[in-house]
Amino acid sequence: MLLSGKVSPNQLTLLGLVTSTASFLSFWYDYIVIGAILVLVTGFFDLLDGALARHTGEGSKWGAFLDSLVDRYTEIIIIAGISKFSTLGYLAITGSLLVSYSRSRAELEGVKCDVGLGSRPTRLLILGIVSPLPWGRDLSLIMVSIVAHSTALYRMFHTWSSLKNKRSSVVPMS
């Protein structure tokens, strides 16, 4: 069905948004294992949409933008469900957003910045595997916060170092 063209990459992206919302509701109402499974399903759809776009040649700038934006929404929705809007949730959300932002901003400056361990798949795996464990909700949020903020800071250092090494070719801003 996927390869027959009946499901588009963008539809898979939006399906990930639906499963992340179902995950939020599951966590919110304390169906932790179901919520964790839905986190992993959301991550699977995220992998599948890009693979399908490449395989079918349906990749587009709009699809890439939609995928990136929906990725941010799904992660916020999942973390909000796990945390029930706690301080740990806000720390995890801000860290996750800064990982993405630091890469995008560095690349605008011409620095390839896919460094660090806290990529989105890693964060989703942590949330999906750790959250159903005893004390797993808080532990998964602490782990994501540490991994995400460490990655954002590492990307900041990586970008600074790369730009410092390119300084001779940089035109000063007035």
Being loosely packed, with under 15 Cβ neighbours inside 10 Å, in a helix (DSSP H, G or I) and of a type in the set (S, T, N, Q) is true for just one of Ser102, Ser96, Ser68. Which residue is that? Ser68
Flagged pairs (Cβ under 9 angstrom, 6 or more apart or on separate chains; first in region 22-36, farther than 14 Å from Ile129 by Cα; second charged (D, E, K, R)) are Trp28/Lys84
If we scan region 143-156, do we find a residue that is surrounded by fewer than 18 Cβ atoms within 10 Å (Cβ to Cβ), among the aromatic types (Phe, Trp, Tyr) and over 14 Å from the mean Cα position of the chain (by Cα)? yes
How many residues does region 105-131 hold that are in a loop (DSSP other than H, G, I, E, B) and either surrounded by 15 or more Cβ atoms within 10 Å (Cβ to Cβ) or hydrophobic (A, V, I, L, M, F, W, C) (or both)? 8
Spot the failing condition for Gln11; the list is (1) at pLDDT 95 or above; (2) touching a Leu at 6+ places or on another chain (Cβ under 9 Å); (3) among the polar types (S, T, N, Q), and only one is missed. (2)
Selection within region 14-62 - aromatic (Phe, Trp, Tyr) and either in contact with a Cys (Cβ under 6 Å, 6 or more places away or on another chain) or part of a helix (DSSP H, G or I) (or both): Phe24, Phe27, Trp28, Phe44, Phe45, Trp62
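The values are calculated or read from the model by the stated rules, or taken from the named source; none is laboratory data. Here the structure is a predicted model, which means the values were calculated and not measured. With ideal geometry, Cβ positions are generated from the backbone for all residues, glycine too; neighbour counts draw on all protein chains shown.
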